[in-house]
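*Asks:* Please find one structure pasted underneath; my questions will follow.
The values are calculated or read from the model by the stated rules, or taken from the named source; none is laboratory data. It should be emphasised that the depicted structure is a prediction, and the values quoted were computed from it without experimental measurement. Glycine also receives a Cβ, built like all others from the backbone with ideal geometry; neighbour counts cover every protein chain displayed.
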Amino acid sequence: MGDLRSTVAVIPCDDYDEEKVYRSLKTGIDALGGIECFVRPDEKILVKPNLLSAATPDKALTTHPSVLKAVLRILNEYGCDDVKLGDSPGHGSCEGAVRTLGLKEAEMSGAVITPMNEEIHVNFADGITCRDFYFCKEILESDAIINVCKMKTHALERITGAVKNVYGFICGYRKAQGHVKFPNDTVFARMLADIHRYTKPRLHIMDGIVAMEGNGPAAGTPVNMNVLIVSDDPVAVDTVFCYLINLDPEIVPTNSQGMRMGIGNDEEEKIDILLCQNNDTVKLSPGELFAMLGKGDYDVSRKRPPKSFLSRYSGLMTRLQKRPVIDRSLCVKCGICVDHCPVPGKAVDFKNGKDKPPVYDYSKCIRCYCCQEMCPRHAIKPGRGII
Ligand code: SF4
Ligand code: SF4
């Protein structure tokens, strides 16, 4: 971003009442100049939620339907008539995830649900860490993308928000392969930044009304954070999320690498935080924001990464990271974790037979946490690292 400053609108909103969410979101977008600053009515627009898997809204696993309806209504009122809503879930279909959310096409202000299961290979000569992608066709067919992410914890990257949500631009099973190609939190974050550099979403909206803490991004605990966060800078959105939970933004790889690769700002002096409340907009410091809306005991990993000289030894770094552990009492032996493990030869498998829970081979495991994300019984949790 160089010397460019970023502006982030933070809008308090304490429940998912549709009218309240619409008014709050509109206030936030208006504080940034209005929807006309981000899209034109004649453009093909893709609204990209977080639909990690089929889950009801109370689980806080996916973007809430009230937030999606508000985005679609704002676009419709502005005259946008070619609007699609879609994602490529890691497990299951986009239509199934939308259905489970309870979102009906009739309530989507003229937008249509798009399945996002066809891929197109693209070369990216300007890629810094990744020079080719398999994107969902709809990503390439859109003129403008609006990224509507969910405020959650993440086992690999500590948090998932605006930067991480673009991984859904990669088609289904290719996502698991990406973890093998980019096998640690830093290179994975750099690959995500390259996705932003290629696709350039115009606007980022974070649903933090009810967030997820603890064992995210799929098996954590819903927690009231009572905010929407809006900006054209994805790193600044995630940085403001960090301010709200007293997490140093610099130790989040998607922030630090995103800043280094030029997709946004994670430095306090380059971010203007606008609190939009009661028809008023005031500028706040991170400390003032935390005092008003923060939650210091939000359950997220605040452990600082090992010293930089250790980071030269990537194998050692992987072994120091928390390892996935199966709670045998919750496991139903479905094998979904085995199916989604991207490592050749599988780092988790039914070594003791299919009538017993799978077991890990930690010497092969790259700590990508695909198994934890996909386990339908939330039986997999991060345990201690090993040497
Ligand atoms: S996905 Fe979860 S429930 Fe299924 S086998 Fe793996 S640990 Fe057990
Ligand atoms: S076992 Fe789990 S964390 Fe390890 S490589 Fe396989 S999917 Fe990733």
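*Asks:* Looking at region 78-89, which of its residues are out of contact with any Cys (no Cβ under 8 Å at 6 or more places or on another chain) and either part of a helix (DSSP H, G or I) or modelled with pLDDT of 95 or more (or both)? It would help to see each step written out before you state the result.
*Replies:* First pass over region 78-89, keeping only residues out of contact with any Cys (no Cβ under 8 Å at 6 or more places or on another chain): 78-85, 89.
Of everything in region 78-89, those that are out of contact with any Cys (no Cβ under 8 Å at 6 or more places or on another chain) and either part of a helix (DSSP H, G or I) or modelled with pLDDT of 95 or more (or both) turn out to be 78, 79, 80, 81, 82, 83, 84, 85.
*Asks:* Ok, one more. Regarding residue 92, is this residue assigned to a helix (DSSP H, G or I) and within 25 Å of residue 336 (Cβ to Cβ)?
*Replies:* On the way: assigned to a helix (DSSP H, G or I): no; within 25 Å of residue 336 (Cβ to Cβ): yes.
Here the answer is no, as residue 92 does not meet what is asked.
*Asks:* May I ask you to list the residues in region 338-363 that are of a type outside the set (A, V, I, L, M, F, W, C) and under 21 Å from residue 154 (Cα atoms)? Steps first, answer last, please.
*Replies:* Taking region 338-363 and keeping what is of a type outside the set (A, V, I, L, M, F, W, C), we get 339-340, 342, 344-346, 349, 351-358, 360-363.
Residues satisfying the conditions are 339, 340, 342, 360, 362.
*Asks:* Taking into account only those residues within region 247-295 that are over 21 Å from the mean Cα position of the chain (by Cα) and in a loop (DSSP other than H, G, I, E, B), which is nearest to residue 183 (Cα to Cα)?
*Replies:* Looking at residues that are over 21 Å from the mean Cα position of the chain (by Cα) and in a loop (DSSP other than H, G, I, E, B), I get 285.
*Asks:* Out of the residues in region 340-349 that are at negative phi and within 10 Å of ligand 2 (Cβ to nearest atom), which is farthest from the chain's Cα centre (by Cα)?
*Replies:* First, pick out the residues of region 340-349 that are at negative phi: 340-344, 347-349.
Now restrict to residues that are within 10 Å of ligand 2 (Cβ to nearest atom): 340-343, 347-349.
Details: 340: 19, 341: 20, 342: 20, 343: 23, 347: 25, 348: 25, 349: 28 Å.
Step by step, filter region 340-349, then rank; the result is 349.
*Asks:* Looking at region 344-386, which of the residues that are among the aliphatic types (A, V, I, L, M) and within 25 Å of residue 174 (Cβ to Cβ) is surrounded by the fewest Cβ atoms within 10 Å (Cβ to Cβ)?
*Replies:* Narrowing region 344-386 to residues among the aliphatic types (A, V, I, L, M): 347-348, 359, 366, 374, 379-380, 386.
Pick out the ones that are also within 25 Å of residue 174 (Cβ to Cβ) and you get 347-348, 366, 374, 380.
Values: 347: 24, 348: 25, 366: 19, 374: 22, 380: 27.
Of everything passing the filter in region 344-386, 366 is surrounded by the fewest Cβ atoms within 10 Å (Cβ to Cβ).
*Asks:* For region 160-181, state whether one or more residues are of a type in the set (A, V, I, L, M), part of a loop (DSSP other than H, G, I, E, B) and in contact (Cβ under 8 Å) with a residue 24 or more places away in the chain.
*Replies:* In the first step, residues of region 160-181 are kept if they are of a type in the set (A, V, I, L, M); the result is 162-163, 166, 170, 176, 180.
Cutting the leftovers down to part of a loop (DSSP other than H, G, I, E, B) gives us 162-163.
From what is left, the residues that are in contact (Cβ under 8 Å) with a residue 24 or more places away in the chain are 162-163.
Within region 160-181, one or more residues are of a type in the set (A, V, I, L, M), part of a loop (DSSP other than H, G, I, E, B) and in contact (Cβ under 8 Å) with a residue 24 or more places away in the chain.
*Asks:* I've got another one for you. Filter region 150-180 down to residues that are in contact with a strand residue (DSSP E or B) (Cβ under 9 Å, 6 or more places away or on another chain) and of a type in the set (Lys, Arg), then give me how many there are.
*Replies:* 4
*Asks:* Looking at region 328-339, which of the residues that are of a type outside the set (S, T, N, Q) and more than 8 Å from ligand 1 (Cβ to nearest atom) is modelled with the highest pLDDT? Before the answer, list the steps.
*Replies:* Step one: of region 328-339, the residues of a type outside the set (S, T, N, Q) are 328, 330-339.
Subsequent filtering for residues that are more than 8 Å from ligand 1 (Cβ to nearest atom) retains 328, 339.
On the way: 328: 96, 339: 93.
Residue satisfying both the conditions and the ranking: 328.
*Asks:* Considering each of 280, 272, 185, 238 in turn, give the residue that is crowded, with 24+ Cβ neighbours inside 10 Å, charged (D, E, K, R) and out of contact with any Phe, Trp or Tyr (no Cβ under 9 Å at 6 or more places or on another chain). Walk me through it before giving the result.
*Replies:* Working: 280 fails: crowded, with 24+ Cβ neighbours inside 10 Å; 272 fails: crowded, with 24+ Cβ neighbours inside 10 Å; 185 fails: crowded, with 24+ Cβ neighbours inside 10 Å.
Going through 280, 272, 185, 238 in turn, the sole match is 238.
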